[in-house]
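Before any comments, here is the structure.
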Amino acid sequence: MKPGARLKWQVTLLIAAMLLWPLALAAEAEYAQVMKGRELEFPRDHGSHPAFRTEWWYVTGWLEDSQGKPLGFQVTFFRTRPGRKGNNPSRFAARQVLIAHAALADPAKGRLIHDQRVARAGFGLAEAAEGNTNVSIDDWHFSRESGRYLARIPAREFSLDLVFEVSQPPLLQGEAGFSPKGTDPRSASHYYSVPQLRVSGSIHRNGRAEPVRGTAWLDHEWSSEYLAQGAVGWDWIGINLDDGGALMAFRMRGGDGATLWAGGTRRAPGGKTQALRRDQVEFAPRHKWRSPRTGVTYPIALEVRAGELSLGIEPLLEDQELDARNTTGTIYWEGAVRALSGGRIVGKGYLELTGYWKPMGL
């Protein structure tokens, strides 16, 4: 081989090695698996579980402004562990990524107002602490302190400064916190909720701050294999019932819209809890809305059967679509809803509709 050709070959090998070296360090990660029978422990399980692929703290609720007008709000922090092993020695390697969404559903605006952030964990800029709830991205914070939750979210078009007082113990979803999402036992999550949170604090919008109060629902869920094979998304409700009870119900949908799996949990006013089997939960669309921005159609009004309870679900306003392509890479509908029985309002909460734009990928 001529010297020039040899040098060219050596340079080519060097470049190839430089390109492949990070990939060699970044082999597929081994994620922790959700295990049936694992007991949830508090306060430990209020915190982050970094060995799992995906985790979220999801607080949604209804507020009344200073004039008694209703508002819906959402504050969500996601933690995700990238699909690579954490043996890259660089301090800048993204071992954990945090994403945050915040939204305000204001009927006066006629649409959802929302903001979002994303950052790799570390450097004092983003954190998902273990042992207790404490998640943040820059000056966005959601934490648990002295038995209550705090949210401080200075978004672009609004700000939230809210306190959530706990009135009920955690509601363990599924089988003592083990929530199946399909027939494959790997398609499951560890999942609990804290319903009937009493909310106080203030919001800042239109150039001024005003006091608010209301009720909220917190979901904390973590998993490594959330979606079962063939599932494209889910429909979910979390409802604070006016009698002091609570209802969570969901269904996993296939590409044809059929229900692949369903489940839920109902807490009676006295605290008795009933886990709902897949055959006890049904979602029947009653009214669909088509987004003028994305063209996606969502069933925003439904009839939901959960055991012996049947509820009509109606939105506070139609346009509560959240475009999160810049962070979680998807578009979904997440909105404040009323629950009705016999034409009478019996509760308020939130409805989430995913996978109607494109199949979800977690």
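The values are calculated or read from the model by the stated rules, or taken from the named source; none is laboratory data. Note that the structure is predicted; figures quoted are calculated from it, not measured. Cβ: placed from backbone, ideal geometry, glycine included. Neighbour counts: every protein chain shown.
Matching residues to (1) more than 20 Å from SER224 (Cα to Cα); (2) without any contact (Cβ under 8 Å) to a residue 12 or more places away in the chain:
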position	(1), (2)
ASP106	yes, no
LYS109	yes, yes
ALA129	no, no
LEU150	yes, no
PHE158	yes, no
PHE164	yes, no
LEU172	no, no
ASP184	no, no
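Looking at region 218-237, is at least one residue surrounded by fewer than 22 Cβ atoms within 10 Å (Cβ to Cβ), out of contact with any Gly (no Cβ under 7 Å at 6 or more places or on another chain), assigned to a loop (DSSP other than H, G, I, E, B) and on the phi > 0 side of the Ramachandran plot? Checked against the condition, which is being surrounded by fewer than 22 Cβ atoms within 10 Å (Cβ to Cβ), out of contact with any Gly (no Cβ under 7 Å at 6 or more places or on another chain), assigned to a loop (DSSP other than H, G, I, E, B) and on the phi > 0 side of the Ramachandran plot, region 218-237 yields no hits at all.
ARG117 - would you say it is more than 30 Å from LEU276 (Cβ to Cβ), crowded, with 17+ Cβ neighbours inside 10 Å and among the basic types (Lys, Arg)? So ARG117 fits the description; yes.
Looking at SER202, SER179, can you tell me which residue is of a type in the set (Ser, Thr, Tyr), in a strand (DSSP E or B), at pLDDT 95 or above and out of contact with any Gly (no Cβ under 8 Å at 6 or more places or on another chain)? It is SER202.
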